[in-house]
Structures are given as structure tokens and as C-alpha cells.
Protein chains: 4
Amino acid sequence: MINNQYSIFETELNVRPDDIDMFNHVHNSKYLDYVLAARYEQMDKFYGMSWQSFTEQGFGWVVAKVTISFKRPLKLGDELIVRTGILEMNEKGSHVQFEIVNKKTGKVASDGVFEYVMIDLQTQRSCKVTEEMISAYSI
Amino acid sequence: MINNQYSIFETELNVRPDDIDMFNHVHNSKYLDYVLAARYEQMDKFYGMSWQSFTEQGFGWVVAKVTISFKRPLKLGDELIVRTGILEMNEKGSHVQFEIVNKKTGKVASDGVFEYVMIDLQTQRSCKVTEEMISAYSI
Amino acid sequence: MINNQYSIFETELNVRPDDIDMFNHVHNSKYLDYVLAARYEQMDKFYGMSWQSFTEQGFGWVVAKVTISFKRPLKLGDELIVRTGILEMNEKGSHVQFEIVNKKTGKVASDGVFEYVMIDLQTQRSCKVTEEMISAYSI
Amino acid sequence: MINNQYSIFETELNVRPDDIDMFNHVHNSKYLDYVLAARYEQMDKFYGMSWQSFTEQGFGWVVAKVTISFKRPLKLGDELIVRTGILEMNEKGSHVQFEIVNKKTGKVASDGVFEYVMIDLQTQRSCKVTEEMISAYSI
């Protein structure tokens with residue numbers, strides 16, 4: 001992962017049998033769900049400003065762009081470490097880098113970047129990230 | 001399917017590649033999604049009281065119980081006919097029978113019954129189905 | 001759950017954000033995936049005859065019938081306990097009861113029964129469960 | 001989409017209710033599944049060398065990299081057009097551009113590029129695309 005001034009956090013996940021596809025690998029689109037699950041946990045556990053607290057304030061985070069490389073297949077029974085870290089965070093949104101590592105081999109299964117924007121849950125339109133939010137996530 | 005006084009309607013669906021599981025069959029839980037997709041279409045097309053119109057009135061239909069038999073596997077490339085028909089409809093909810101037929105072979109892949117209750121989207125609690133709704137669905 | 005001579009085992013799972021549906025509940029079909037994930041873990045951990053060991057011998061377990069009641073919704077952030085136990089196991093297959101409990105409230109979110117048959121992965125047809133397998137699972 | 005020498009093909013899809021997420025939008029990872037569904041259909045219908053024919057020869061196509069932009073949300077009831085076209089095709093694999101268009105509005109909901117490699121289903125390793133395959137897809 002790219003080394004910069006922001007912290008990198010880890011979440012552990014297990015492959016769920018329903019994630020497996022016709023090739024007996026984790027289906028490609030499920031990797032996006034793993035990154036979401038990791039960010040969801042990390043927002044609460046490490047940043048102290050949870051997904052739920054955004055929801056209660058009337059905000060949600062949606063994905064504007066994903067770049068993802070699939071390097072090695074994940075299989076039934078595999079345990080994963082999902083590492084994520086902010087690359088950029090400003091009033092327009094955030095860029096989050098990630099890598100999904102196979103716990104047994106230590107090798108990178110997938111990596112990439114998610115670009116998020118914040119939306120107002122009422123209007124469903126993107127809106128400005130506040131200074132307080134940027135500050136909470138600038139660790 | 002059980003023959004009774006209510007109409008039976010059909011929806012055509014294609015297996016989506018992401019529905020395929022480690023056995024190269026449609027994954028068992030996706031059958032429930034096929035029934036939902038069929039009911040969603042049929043509510044609009046045949047009953048004239050769409051899912052959307054319930055949403056606009058502040059109501060939603062949720063599943064209280066499912067009984068489903070898996071008789072023959074569905075595979076990548078298969079085209080399906082999903083037949084559904086009401087068995088019972090009253091102020092407490094509705095019982096809907098279904099069968100999923102493989103279009104090529106004409107054989108039943110799966111059948112069973114969904115029991116639905118209506119919820120108030122605000123309170124998220126079950127509520128009474130109105131006479132007007134029962135009437136619209138009693139065809 | 002029904003009390004009988006077979007052991008009941010527990011698996012802990014977290015709701016994944018991609019499991020959430022338009023009602024902001026865990027989508028109904030995902031409950032089947034939670035039961036599968038629990039059985040997958042328990043086959044290895046408690047019965048000592050893992051899913052993987054069946055695969056290596058050329059066998060797989062597929063669902064023939066499911067009866068499932070949805071009693072209370074599960075939501076984003078919920079942690080679950082999935083309890084399962086064999087009701088019947090013979091050469092034709094097994095019947096497995098389950099309940100999914102919300103860890104925070106201790107209340108049952110869903111319960112029911114899965115009926116499994118064993119298939120030969122080559123022929124994709126159901127086949128007899130051996131005495132050795134029945135014995136391993138009769139605990 | 002980028003204009004180049006390769007053909008662009010269209011597939012029509014409907015949003016399935018189980019694709020909807022907590023924001024009442026199509027969940028982001030499902031867009032990847034829509035592109036896969038479109039390519040699957042187009043391989044058979046337009047290129048005359050179907051997914052199935054690759055499988056029968058012992059080959060499969062897996063995704064090596066995805067770049068995807070989410071421009072406008074898709075919702076329950078939406079009908080889509082998925083346009084895809086090859087950007088590059090050689091012995092190492094293919095690059096396929098796509099755009100997902102909301103049929104009602106004609107506006108682009110999402111676009112991007114999938115990079116595919118071909119694998120040998122036995123070894124699960126990437127392998128060379130043959131001249132015959134490249135030729136079939138160079139339309």
C-alpha cells in the first residue's frame with residue numbers, strides 16, 4: 001500500500017460459502033463488499049465516528065469510483081485481512097486505498113482505491129464533508 | 001401448483017452468472033430472489049397495485065415464512081419461468097405459492113410457499129392489509 | 001430449538017453491509033447464507049469431518065428443502081449467533097434445525113429446518129451417505 | 001464510450017429487487033455483475049464463441065482489473081442497457097469498456113473498463129489466448 005501520513009487499519013473477515021462462484025473462487029464483485037465491511041468496522045472502531053453516526057446525522061457514504069486489481073484468487077475457507085487507509089480526505093470526499101491479504105499465505109489477493117462521496121440521505125445528493133468529519137478521519 | 005380460485009401469473013427470468021455457486025448450480029438462496037423478482041413484476045403488471053404504490057402509501061411487504069423445495073438444479077444459461085399465485089389473502093397478509101420452471105425442459109426446478117406480512121415503513125411493524133388491497137389482489 | 005439426542009453447535013457471524021436490503025434489514029435470502037456459513041464452520045470445528053473432506057472424497061451437500069420463519073429483523077451492525085443441530089441423519093441425508101439469535105437482545109431472529117442430500121460431484125446426482133459419515137455426525 | 005475499431009454491443013437487463021441496498025439504490029458491487037451478465041450474453045449472441053464453448057475447451061475468463069465510475073444511482077424498477085466493446089484483445093487477454101445506461105433517462109449510470117485474462121480451468125492459471133479466439137472477438 002502507498003505510504004503516506006494517514007493510518008492504516010486492519011479488519012479480519014472470513015470467506016462466506018455464498019461468496020464462491022463458478023470457478024470455486026470468491027466472486028470478483030464480493031471483494032468490493034469485503035472492503036465495505038472493513039471500512040464499516042473501522043469507521044466505528046478506529047475513527048470513532050461510525051457509519052451509524054453519519055446515518056443519524058442524515059449522511060451516507062457512497063462510492064464514486066473503484067479501481068481494483070485481482071491478483072490471486074481467494075477460496076472457500078480462506079481467512080482475510082482487509083487493510084485500508086485514507087489517501088486523501090477533503091470536503092469533496094475521500095480516497096481510500098485497500099489491500100486484501102490472504103491470512104495463511106500473507107500474500108495480497110487484491111488491492112486498489114475507493115473514491116467516496118458523502119450524500120445527504122434526504123436529497124440523495126452529494127454534499128460537503130464538514131471540518132469536524134475531516135478532522136476525525138485525519139489520523 | 002395448487003389449484004384454487006386465484007389467478008396464476010408468469011414472469012420470465014434469466015440466470016445471472018453471479019447466481020452460480022461452487023457446484024456450478026444456481027445458489028439455493030437465489031431462488032428466493034427469483035420469487036421476489038417475479039412478484040415485484042406481477043404486482044405491477046397483473047394486479048395493478050405495484051410494489052411502488054405500496055411504498056408511496058408507506059407500506060412494504062416482508063416475508064414471514066418460506067417453505068421451498070429444490071427439485072432440479074438450475075445452471076448457467078438457463079431461462080426460467082416463475083409462476084406465482086395467491087393461496088390466501090386477508091388482513092393479516094398473504095400466502096403465495098410459486099414454482100420455478102426450467103423453460104427448456106419444462107420441468108419444475110423448485111416450488112413452495114411464501115407467507116408475507118405487510119409492514120408500516122415508518123414503524124417497521126406489521127399492520128393490517130386494507131379491504132381495497134385485498135380486493136385488488138383477489139383476482 | 002427442538003431438544004433431541006444430537007448436539008447443538010454455535011457459530012458467531014456479523015451482518016455484512018452488503019446483506020442489507022431496501023428495508024434497511026438483512027435481506028431474507030441472506031439468512032440461508034448465514035445457516036450455510038454456520039454449518040460450514042461447524043462441520044470442520046465440531047464434527048471433525050469438514051466440507052473440504054467431503055469435497056476431496058468427491059461429495060457435496062446440497063439443500064433439498066428449507067422451512068424458515070423470519071421472526072424479527074436483523075439490521076446493519078448486528079452480531080448473530082447461529083445455532084444448528086441435526087434432527088435426523090441417515091443414508092438419504094440429514095435434517096438440520098437452526099435458529100439465528102441476535103447477540104445483543106438474545107432474541108430469535110429466525111428459525112427453521114434445512115433438509116440436505118449428499119451428491120456425487122461427478123454425476124451431480126444424490127447418493128447414499130455412508131455409515132462412517134453418519135457416525136461422525138451422530139454426536 | 002471510446003470509439004475504436006471494435007464493435008459495441010448492447011444487452012438489456014432489469015434491476016432485481018435483491019440488488020437494492022440500504023440507500024435504496026442498486027448496490028455498487030452489483031454493477032460488476034451486470035457487466036458480467038452482459039458479456040456472457042454477448043459472447044454467445046454476437047461473437048459466436050460463447051462462455052460455454054470456452055468452458056467446454058477447458059478455459060474461463062476471469063477479471064484481472066476493474067476501473068468503474070458510479071455516475072448516477074440506479075433504483076428499484078429501473079431498466080438498463082449495458083453496452084460493452086473490446087478496447088484491446090491479444091494473447092494476454094482483453095480490455096473491455098462498458099457503460100450502463102438507464103433506459104428511461106438515456107443517461108449513463110456507470111462506465112469503466114474490465115481487464116480480463118483467460119485461465120486454464122484445470123491448472124487455474126492464466127494462459128495464452130489463441131489466434132482463433134482473438135479472431136472471433138476482433139469484430
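The values are calculated or read from the model by the stated rules, or taken from the named source; none is laboratory data. Since we're looking at a predicted model, the values are computed, not measured. For neighbour counting, all protein chains shown are included, and Cβ atoms are generated from backbone atoms with ideal geometry for every residue, glycine included.
Restricting to region A:55-80, name every residue that is facing another protein chain (nearest Cβ under 8 Å) and of a type in the set (Phe, Trp, Tyr). Give the steps one after another, and end with the answer.
The initial filter retains those residues of region A:55-80 that are facing another protein chain (nearest Cβ under 8 Å), namely A:60, A:62-70, A:73, A:76-77.
Within region A:55-80, just A:PHE70 meets the criteria.
Which one of these does D:HIS27 not meet: (1) under 18 Å from A:TYR31 (Cα atoms); (2) in contact (Cβ under 8 Å) with a residue 12 or more places away in the chain?
Just one mismatch for D:HIS27, condition (2).
Among the residues of region A:25-47, is there at least one that is modelled with pLDDT of 95 or more, in contact with a helix residue (DSSP H, G or I) (Cβ under 8 Å, 6 or more places away or on another chain) and more than 12 Å from every other protein chain (Cβ to nearest Cβ)?
Checked region A:25-47: at least one residue is modelled with pLDDT of 95 or more, in contact with a helix residue (DSSP H, G or I) (Cβ under 8 Å, 6 or more places away or on another chain) and more than 12 Å from every other protein chain (Cβ to nearest Cβ).
Let's see how each residue does on (1) closer than 26 Å to A:GLN57 by Cβ; (2) away from chain D (no Cβ under 14 Å); (3) modelled with pLDDT of 95 or more:
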position: A:GLY93; (1), (2), (3): yes, no, yes
position: A:TYR116; (1), (2), (3): yes, no, yes
position: A:LEU121; (1), (2), (3): yes, no, no
position: A:SER126; (1), (2), (3): yes, no, no
position: A:VAL129; (1), (2), (3): yes, yes, yes
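May I ask you to verify whether D:GLU12 is over 22 Å from A:ASN28 (Cβ atoms) and among the acidic types (Asp, Glu)? Steps first, please.
On the way: over 22 Å from A:ASN28 (Cβ atoms): yes; among the acidic types (Asp, Glu): yes.
In short, yes.
Filter region B:1-23 for residues that are more than 9 Å from chain D (Cβ to nearest Cβ) and among the polar types (S, T, N, Q) and give the result.
B:ASN3, B:ASN4, B:GLN5, B:SER7, B:THR11
Could you list, ordered by first residue, the pairs with Cβ atoms under 6 Å in which the first is in region C:66-83 and closer than 14 Å to C:GLN97 by Cβ and the second is small (Gly, Ala, Ser), at least 6 apart or interchain?
Once the first residue is closer than 14 Å to C:GLN97 by Cβ and sits in region C:66-83, its partners that are small (Gly, Ala, Ser) give C:THR67/C:GLY112; C:ILE68/C:GLY112; C:SER69/C:GLY112; C:VAL82/C:ALA38.
Pick out the one residue from A:LEU13, A:LEU36, A:LEU32 that is part of a strand (DSSP E or B) and buried (at least 19 other Cβ atoms within 10 Å of the Cβ). Give the steps one after another, and end with the answer.
Values: A:LEU36 fails: part of a strand (DSSP E or B); A:LEU32 fails: part of a strand (DSSP E or B).
Result of the check over A:LEU13, A:LEU36, A:LEU32: A:LEU13.
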